[in-house]
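Some notes on the structure that comes next.
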Amino acid sequence: MNATLPTSACPPACDACRLRRTGAFTPVQPEQLDFIQRFRADTATVPAGGAVVHENQANARLFTLYSGWAFRYKTLSDGRRQILNFLLPGDLVGLQQEFGDASMHGVEALTDCTLCVFPSDGLWTLFREHPRLGYDITWLSAHEEGHVDDHLLTAGRRNATERVAMLLMHLYRRMERIGLVEDGSVAFPLNQQHIADALGLSLVHTNKTLRRLSALGLHELKNGRLRMLNTRALARIAEYYDRPPRLLPLL
């Protein structure tokens, strides 16, 4: 990577992508990487709190989140918000919508974000010329559907303690696989309102549950970082079962 670029900046060339060097993503052939480079139309930066995708507005672009955190959400007419999932570096953003139509969900930057931008109409060419990349996008769609199923189970059947334990384990493991763990802790920019909106809990209930788990010595949230003190106990509470990690496609 160009040494003058900050690590959060999208590199000018895809072969300098820092994410591809983490070992978490599926390697691609040189001709596939060249196509991804040509397919990428632009890069973008979105400040914390800014909109990556506006809810109920047309959007005909796809994004790969290169650095930072974001979240996908839907709101009701009275302003109540449901966070559908949290987005981390390497995640493909925008595949859930019908391209060209109004987006049924919004995507907001939780921290300052940098993104690679792709035109959605280029997907036809991708599927036609590089069916392996097309399969990867189909796989990502199915993978995301699996996350939605897990979230539905959490919201529908887990109690508050199990919900919070599940969220902490899920996010920590995702960050771990892309190399974001430092000295046993990870950056954790979520506040309690984000957690409440993701888990369908009240703010008061979220606060009490986090304090209960912390008092049990299971985790520590301090200075914007999450430290897992007893992952085995948290996993048992959440019924979170680690599976052998599979390499993820990266567009």
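The values are calculated or read from the model by the stated rules, or taken from the named source; none is laboratory data. Quick caveat: nothing in here was measured; it's all calculated off a predicted structure. Note: ideal-geometry Cβ built from the backbone for every residue, glycine included; neighbour counts use all protein chains shown. Keep in mind that these areas ignore ligands, DNA and RNA; they rest on the heavy atoms of the full protein, side chains included. Shrake-Rupley method; radii C 1.70, N 1.55, O 1.52, S 1.80 Å.
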Inset, instruction - Just name the residue that is modelled with the highest pLDDT out of those in the stretch 92-140 that are open to solvent by 80 Å² or more (accessible area, probe 1.4 Å) and in contact with a Gly (Cβ under 9 Å, 6 or more places away or on another chain). - result: ASP112
Legend entry - Filter result for the condition that a residue is closer than 19 Å to VAL93 by Cβ and of a type outside the set (Asp, Glu), over LEU226, LEU180, LEU203: LEU180
Inset, instruction - Restrict the check to the stretch 59-74 and report whether at least one residue is among the hydroxyl-bearing types (Ser, Thr, Tyr), modelled with pLDDT of 90 or more and touching a His at 6+ places or on another chain (Cβ under 9 Å). - result: yes
Inset, instruction - Spot the failing condition for ALA215; the list is (1) over 28 Å from ARG81 (Cα atoms); (2) touching a residue at least 24 places away in the same chain (Cβ under 8 Å); (3) not acidic (Asp, Glu), and only one is missed. - result: (2)
Inset, instruction - Output the number of residues of the stretch 141-161 satisfying the condition of being in contact (Cβ under 8 Å) with a residue 40 or more places away in the chain, assigned to a helix (DSSP H, G or I), open to solvent by less than 50 Å² (accessible area, probe 1.4 Å) and not β-branched (Val, Ile, Thr). - result: 3
Inset, instruction - Identify all residues within the stretch 164-197 that are open to solvent by less than 50 Å² (accessible area, probe 1.4 Å) and farther than 17 Å from HIS219 by Cα; write none if there are none. - result: ILE178, HIS194, ALA196, ASP197
Inset, instruction - Among the residues of the stretch 96-137, count how many are part of a strand (DSSP E or B) and under 18 Å from the mean Cα position of the chain (by Cα). - result: 10
Inset, instruction - State the number of residues belonging to the stretch 197-212 that are among the aliphatic types (A, V, I, L, M) and in contact with a strand residue (DSSP E or B) (Cβ under 9 Å, 6 or more places away or on another chain). - result: 3
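Considering only residues of the stretch 198-247 that are farther than 30 Å from ALA142 by Cβ and of a type in the set (Gly, Ala, Ser), which is most open to solvent (accessible area, probe 1.4 Å)?
ALA215
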Legend entry - Counted residues, the stretch 170-196 - those being part of a helix (DSSP H, G or I), out of contact with any helix residue (DSSP H, G or I) (no Cβ under 6 Å at 6 or more places or on another chain) and of a type in the set (A, V, I, L, M): 2
Legend entry - Elements of type strands (runs of 3 or more DSSP E) in the stretch 12-95, at least 1 residues being in contact with a helix residue (DSSP H, G or I) (Cβ under 9 Å, 6 or more places away or on another chain) and not acidic (Asp, Glu): 61-67, 70-75, 81-87
